[in-house]
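Right, one structure below, let's go through it.
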Number of protein chains: 2
Amino acid sequence: MKLATLPEGGPDGRLILVSADGERWLPANGVAATLQAALEAWSRSEAALRRLGERLEAGRGEPLEGVVLASPLPRAWQWLDGSAFASHGALMQTAFKLPPIETTLPLMYQGMSHQFLGPSDDVPLPSEADGIDFEGEFGVITDAVPMGVSVREARDHIKLVVLINDWSLRVLAPVEMKTGFGWVQAKPACSMGPLAVTPDALGAAWRDCRVHLDLLVDWNGKRFGAANGGAMAFGFDELIAHAARTRTLPAGTIIGSGTVSNNNFREVGSSCIAERRGLEILDFGEAKTAFMRFGERVRMEARLPGGQSVFGAIDQAVVSAHSHSGIHPPGR
Amino acid sequence: MKLATLPEGGPDGRLILVSADGERWLPANGVAATLQAALEAWSRSEAALRRLGERLEAGRGEPLEGVVLASPLPRAWQWLDGSAFASHGALMQTAFKLPPIETTLPLMYQGMSHQFLGPSDDVPLPSEADGIDFEGEFGVITDAVPMGVSVREARDHIKLVVLINDWSLRVLAPVEMKTGFGWVQAKPACSMGPLAVTPDALGAAWRDCRVHLDLLVDWNGKRFGAANGGAMAFGFDELIAHAARTRTLPAGTIIGSGTVSNNNFREVGSSCIAERRGLEILDFGEAKTAFMRFGERVRMEARLPGGQSVFGAIDQAVVSAHSHSGIHPPGR
């Protein structure tokens, strides 16, 4: 089952159901007005949405082509992003001479969740000098999770799988990381792919609570990376149990995989510019690839073995927040 | 003006107005159903609430005594906690032999915000072995703040001032801090004092965007600390500008001061157990004061020069999450 959100009707948008082939849609307002509302009553709403889906598969609904979609969750009560790909951390540490992170637990930070940009929204940022980078990730959305949930139980709380671009500002990130407090300025609003899908929509590509698909990243129309999501050192079930050790997770909590990265990054490429720059430092002694400039675009998607773009595509440009309506220039 | 929230009518509770002397209340539902809704339209709702307040000051309303209150914001879209008291950081670093934090910027992390416990709620936590500690703080609540707001502009976005207990798990905190990703497990749900007050309700105690009042902390009925909130190295205006450097802040964003701490902590005491333990390590070579046990209580309040408890009191006990309804035992 595939769900999406129209950017209308309020800050949480309006929930729609999308056909398995991604071609048509029906409003879901008979079941739930918003995805957040559906997740808060998932044990009831899932069955009702699946019944509605039968009408879509029978040929009903409107064409999706040309419809502008919001993030499936335009805002969420909680966004906890992991960093579960060991090859990403290892490359960053070697290239940038960072001290090794000494932990056997999953790495995780809490990011801003009151705004997730839609898949084709412009991304307003204050300055190119901050080192604008994309980070392609997979993520899951949970229903309400009790404090102290086990890894085994956590699996059943994974209701939807999504594609995320965790925008990062690389000049600011190491400064904040050194404090030990995590990132605030280095992590502006993320973007989300248009379709939130139930794990069964991934078929055999969903196993061990991981997305075994290549995350296809194109930067200004050129393939930049195609790393596989199956290489997570911790599955999403383990990330959820880690997150819920001392807190409840509300329905609609989003858990991220961290930048998708594989050991053979020299062949498959990367899901963020920082990794390529790290590789250049190792190979040439200096980074040659610049971070993003205003006006540049990034596209992300993941295709099933049959070729279908399962989450739809993120395809968007970064723009200056100064020229973006309603946003003041930065300053102290 | 003083606002509070009854724990009824939905997850955001029901907004009430409390008289200046804290003795009586009136429902605010003619203006806004919830504090979140009031903050989202503050330019309109403030004036209407102040008009309602005139009726309270004329003697209308019900007695507040005995009324159980929720957190003024039972949940919020964003909670960004600073660490603005230099004496706290310096003591922690010296006592626990932590490397100095090299930054001239405010320290800040994003904490969980989907649940703020009420001032008399039990605090369910999974294990005494995690090192249960309170952290007394002041905080402010903003309306919507644009990205890149200046320090000067930030001041005008401070709409309410609150009292916060930022519960911390001290065994988990250094492990997470070392990763650079900030805290997830070490920072469970915070508690908030019952009254959210406009800055003018603090009179001369509100200046330089700081709360110049002693934060009175009693642990199991015994005075533990009375540190003054005026000693912040950065004012709340500076913390807001720091927070909004690369993101918008939604209405209802809560910004915390960090543990209130003064240079003369030997005289005034501390707002968290970790500071006292740090002092004991310096003086005796080892910490003597144990962290909290289940069943123990902490009380926090701040009194105006005339003696009035301006935010009301946080007064609550920590309990085992295992015996608390609806929360599973922790485990993997």
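For chain A, modelled as a GNM whose springs connect Cα atoms under 10 angstrom apart, the maximal fluctuation among A:Leu73, A:Leu215, A:Leu98 occurs at A:Leu98.
Note on the range A:142-226: Cα-Cα pairs beyond 23 Å make up 47% of the total pair count.
Starting from the label point of B:Ala48 at 7 Å along Cα→Cβ, the same points in the other copies fall at 3.0 nm, in ascending order. Its convex hull of Cα atoms gives the range B:1-51 a direction-averaged projected area, equal to a quarter of the hull surface, of 3.3 nm².
Using just its DSSP H runs of length 4 or more, each adding -39500 (n - 2.57), chain B gives a mean residue ellipticity at 222 nm of -5500 deg cm²/dmol after division by all residues. Straightening the chain between A:Leu304 and A:Arg207 buys 33.5 nm, computed as 0.36 nm per residue apart minus the Cα-Cα spacing. Seen from B:Val123, the other residues with C-beta closer than 14 Å to its C-beta sum to a net charge of -4, counting Lys and Arg as +1 and Asp and Glu as -1.
Where chain A is carried onto chain B by rotation, the Cβ closest to that axis, with its residue and distance in Å, is A:Gly182, 1.
Karplus-derived 3J(HN,Hα) values for the range B:2-7, using 6.51 cos²θ - 1.76 cosθ + 1.60 with θ = phi - 60°, are 10, 10, 8, 9, 7, x Hz; glycine and proline are entered as x. In this structure, the amide hydrogen of A:Gly22, modeled 1.01 Å from its nitrogen in the peptide plane, lies closer than 5 angstrom to no residue at least 5 positions away or on a different chain. When accessible surface is computed with a 1.4 Å probe, chains B and A are found to bury approximately 5500 Å² between them, both chains counted.
Couplings for the range B:296-306, taken from phi via the Karplus curve 6.51 cos²θ - 1.76 cosθ + 1.60 with θ = phi - 60°, read 6, 10, 10, 10, 9, 7, 9, 10, 5, x, x Hz in order; Gly and Pro are left as x. Shape call for the protein assembly as shown from the C-alpha gyration tensor, a ≥ b ≥ c root eigenvalues: rounded (a/c under 1.5), prolate (a/b greater than b/c) or oblate? Cα axes put the protein assembly as shown in the prolate bin. GNM remark for chain B: springs join alpha carbons under 10 Å apart, and the peak mean-square fluctuation among B:Ala302, B:Ala129, B:Ala84 falls on B:Ala129.
In order along the range A:268-284, phi translates into HN-Hα couplings of 8, x, 10, 9, 8, 5, 4, 5, 4, 5, x, 5, 5, 5, 5, 7, 10 Hz, rounded to whole numbers, per the Karplus curve 6.51 cos²θ - 1.76 cosθ + 1.60 with θ = phi - 60° and x for Gly and Pro. Under a model in which nothing but the beta-carbon of Lys, Arg (+1) and Asp, Glu (-1) is charged, the range A:71-147 shows a dipole of about 240 debye around its Cα centre. Legend: calculated FRET efficiency, B:Glu65 to A:Lys178, from the Cβ-Cβ distance at R0 = 41 Å, rounded to 0.05, equals 0.25. Between identical copies, the spacing of B:Gly285 label points, each set 7 Å from Cα toward the C-beta atom, reads 5.2 nm from nearest to farthest.
Picking from B:Cys209, B:Phe181, B:Val145, whose Cα lies most toward the positive end of the charge dipole for the range B:137-238 (charges on Cβ: Lys, Arg +1; Asp, Glu -1)? Most positive-ward Cα: B:Phe181. Normalised by residue number, the volume inside the convex hull of the Cα atoms of the range B:1-85 is 123 Å³ per residue. Just list whichever of A:Lys2/A:Lys159; A:Lys2/A:Lys222; A:Lys97/A:Lys178 have alpha carbons separated by over 18 Å in the model shown. Exceeds cut-off: A:Lys2/A:Lys222. May I have the pair-distance distribution P(r) for the range B:231-322, computed from all Cα-Cα distances with 5 Å bins from 0 and rounded to whole percent? P(r) for the range B:231-322, in whole percents per bin: 3, 10, 12, 16, 18, 17, 14, 8, 2, 0. Per residue, the convex hull spanned by the Cα atoms of the range B:223-271 measures out at 78 cubic angstrom. Across the range A:43-186, Cα-Cα pairs farther apart than 23 Å form 52% of the total. Computed from the C-beta positions of B:Ala41 and A:Asp122 and an R0 of 41 Å, the FRET efficiency is 0.95 to the nearest 0.05. Radius of gyration (Cα atoms) of chain A, expressed as a multiple of 2.2 N^0.38 Å: 0.96.
Across q = 0.18 Å⁻¹, the range A:184-292 modelled as identical point scatterers on its alpha-carbon atoms has Debye log10 I(q)/I(0) values of -1.11, in the order of the q list. Here A:Lys97 yields copy-to-copy label distances, from shortest upward, of 2.6 nm, the label point defined as 7 Å from Cα along Cα to C-beta. This model, with +1 at the C-beta of Lys and Arg and -1 at the C-beta of Asp and Glu, gives the protein assembly as shown a dipole about its Cα centre of some 40 debye. For the range B:100-151, the spherically averaged projection of the C-alpha convex hull amounts to 6.8 nm².
The values are calculated or read from the model by the stated rules, or taken from the named source; none is laboratory data. Predicted model only: the values in this text are computed from it and were never measured. Reconstructed Cβ throughout: ideal geometry from the backbone, glycine too, with neighbour counts over all protein chains shown. When the accessible area is computed, the model is the full protein with side chains, heavy atoms only, and any ligands, DNA or RNA have been set aside. Shrake-Rupley method; radii C 1.70, N 1.55, O 1.52, S 1.80 Å.
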